[in-house]
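Okay, structure first, notes after.
None of the figures in this text is laboratory data; all of them are computed from the coordinates on show. What you are looking at is a predicted structure, and each value in this text was computed from that prediction instead of being measured. Cβ placement follows ideal geometry from the backbone for every residue including glycine, while neighbour counts extend to all protein chains displayed.
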Amino acid sequence: MVKSFIFMFISLVVVIIGLYTYAYLSPKLDLKTSGSLYLYDNQNELLYQGSRSNEWANLEDINENLVNAVIAVEDKNFYDHHGFDYLRIAKAMLTNIKKKSIVQGASTISQQYIKNLYLDFDKTWGRKIEEAFLTLELEVHYDKDDILEGYLNTINYGQGNMGIVNAASFYFNKKPKDLTLEEAIVLAGIPKNPAGYNPVSNYEASINRAWVVAKSMLNNGYIDENTYNNLFKEKLEIFGQTKKNNLQMIMYYQESVLNELSTIKEVPASLVNAGGLKIYTTLDLNEQTNLEKNILKNKPNDNVQVASVIVDPKTGAVKALTGGMNYAKSQYNRALKSKRQVGSTMKPFLYYAALENNMTMSSSFKSEETTFYLSNGKTYAPQNAGNIYASKEITMAAALALSDNIYAVKTNLFLGADKMIDVAKRTGITASLDEVASLPLGTSEINILDYATGYTTFASGGYEKDLYFIEKIEDFTVADMEKVTLRDLNAFTAYLKEYETDTVSIDGKHIKRIRRNSAYGINRKLSGIRGLFSYLYKNDLISQNVTDKLDFKKLHQKMKRPLTSQETVNLLDVIYNGEKYYTGRDLTEYKNRKKRDIALFTAYLGTGCRVSELINLDIRDVCFDTSSFVVTRKGGDEQEIFMPVQVENELFTYMQERVENEKAKDDALFISRLGTRMTAQGVEKVLKKYCATVGIYDPDKARPHALRRTFACNLIADGIDIKMVAELMGHKNIEVTHKYYTQYAIEKRKEVMQNFDITGNR
């Protein structure tokens, strides 16, 4: 008995170790993230105001009460477990066994995050197993704070609001960090049932749910009894507006629009992320409404999922689309991502091929039970539906009308499957189709949008139509400038006066500081706005220039110093040898980006390129034969940048890793952990951490431009001609070089003054 117990215990330990080892060795999960975009239907009615990737709140920018409320009600042991709360699981399993079905869950925040990103909400054992593996991968690769931050930024808060930034703005007209305790509690309760606990349409239900959340906070010590008893004495002011429709599936259409937006090269990601785009779609709200009503009316049961699309064959415009039964329950868009066998709907492609190859609608084959002996030595015995056969010769017209499988297979074998595949490809179907006897019976898997393209070609008289969701895109227009008032500009000025920084100390602690933009910085930003308004006013594009009343003070620019030699040495040491400085999660993250960071920051220090120039590099821009890469300078001019030996070596080492990165989503040279092109903000965040680690706290030295400044100053200190320095820095005007960099030749000036003799004795 004891031996059996020991064996079972050891086996369990081995299995657990094996699972965690598998998770650790698996590729790091690509965590999806969630300004504003305005989507309009085909009647130019506002359909949706949503968000893109820049609507992401760091955990420290989310009200602590909200964080505590979510942990209390969703996963009180979040920081203590490794992805699974085994005690809750045991209780839930006992309940489910008694009920003989999955009626109770014990999902942790980590599991819910994974479910939101990758899985549907079906309560099946298969889905639970997949969820478990993905949760393990999440837990071993990401810090708890990262997981919690991601969860709060991707969870569904109802009314199409994905993520806490959108939810706080929509319901309370606030940023996440500015929420009151009561507002935080209400928001924490919504994800349990986004439609049922929506405070706009179901205020009382949302408050009842909020009391459940508050009770959890009380029981877990986040609030005291007195605070609990004084909650919700007055009705909360809700700013959100009830949407014109209550469609459950329309979010799938909206997701499809955003997916198409990401493929339009003329609309770069930077413009999308900046927000303010007006996207006019092909959506016909009446068609969408009727489609959803019919699906819900005719669904066989609650577990079925449906993907469907309605297309205008004359244009290829997608009028309506569903990717599932309810977006709030399952965000997996089956219209975009799923492939299914299409069955007998494939037969028209076969018969079109037959007509092209000298068969007619009167061409006949005998319809009877048939076993086909194939060229590979195998046999194939298809059946008609219900085993019904004509048992005689039938025409192609009759075979199509009756969906006769025997006739279809005979025709396919007679023509050769390549003929049918050729027709399918010419109609616009891009899916891989197998040259098999069963092809006309729809045994190949095809995406519904891909398939709809093929049928649209038939309906349009043989003209292939690319399916599309977006009619036009508008950016912020000149007409919008007329709406800007002096009050708006004053409010913007006030906003510029203060900002928050977050640095990391040597021991890994976050240090928050409230800082202020310098008067110079404020003037510089306001000057750009004034220049734009002046141009529009002078060209009669706007009726007034509100910036005329802005008061600009004459200011002297603060001198920003380059890195000293010792600071440069210290910075390079932590970049090259981070293993000496970091532990735990910080060490793991450092190792994952080490080669990239070495290549990136040596390139800054060794070439003096601007941050925008380096992050916009693509792989193809680098040429090791010439030891150079090509950047796009200010103004759009291209310039070949020659690399020092050290920069070339480090970039070559990184390139070997980069070209093998399967997560990379484009050809960008320097990519983030998510596989996307690095941003200037991302570069600065990484640099600040390195600087803080080695005690460089001057904010002017912890920015990428400081490395460019250091490069220029080193050239000048080495006695390089100022014209050459200007050329290497990409300055079109040498005066710029004189103005901003010769003042930093401190050592040269110091040497001159130390050797100066006031007696005139030379």
Which Rg and Dmax, in Å, describe the Cα atoms of the range 278-430?
19.6, 61
Rough spin-label spacing in nm, given labels placed 7 Å along Cα→Cβ, for residue 443 and residue 624:
4.7 nm
Using only the Cα atoms of the range 565-754, what are the Rg and Dmax in Å?
16.9, 58
Starting from the Cα coordinates of the range 343-443, work out the convex hull volume and express it per residue in Å³.
92 Å³
Could you calculate the FRET efficiency of residue 485 with residue 180 from 1/(1 + (r/R0)^6), where r is the beta carbon distance between them and R0 is 35 Å, rounded to 0.05?
0.75
Between residue 580 and residue 560, take the C-beta separation as r, use R0 = 30 Å, and let me know the FRET efficiency to the nearest 0.05.
0.55
Give me the aspartates and glutamates in straight-line cross-link reach of residue 560: C-alpha distance below 12 Å, same-chain residues under 8 apart excluded.
698, 700
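With +1 assigned to the C-beta of every Lys and Arg and -1 to the C-beta of every Asp and Glu, and no other charges, what is the dipole magnitude of the range 565-754 about the Cα centre in debye, to the nearest 20?
700 debye
Cα-Cα over 19 Å: which of 115/192; 115/665; 115/299; 175/549; 538/634?
115/665; 115/299; 175/549; 538/634
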Sorted by chain and then number, the residues having a modelled amide H within less than 5 Å of the amide H of residue 372, at least 5 places away or on another chain, are 380, 381
Dipole check, the range 565-754, charges on Cβ (K,R +1; D,E -1), about Cα centroid: among 682, 614, 600 the Cα furthest to the positive pole belongs to 682
In what sequence, highest mean first, do 459-471, 140-152, 183-195 appear when ranked by Cβ atoms within 10 angstrom?
183-195, 140-152, 459-471
Treating only the Cβ atoms of Lys and Arg (+1) and Asp and Glu (-1) as charged, compute the dipole magnitude of the range 343-443 about its Cα centre; round to the nearest 20 debye.
60 debye
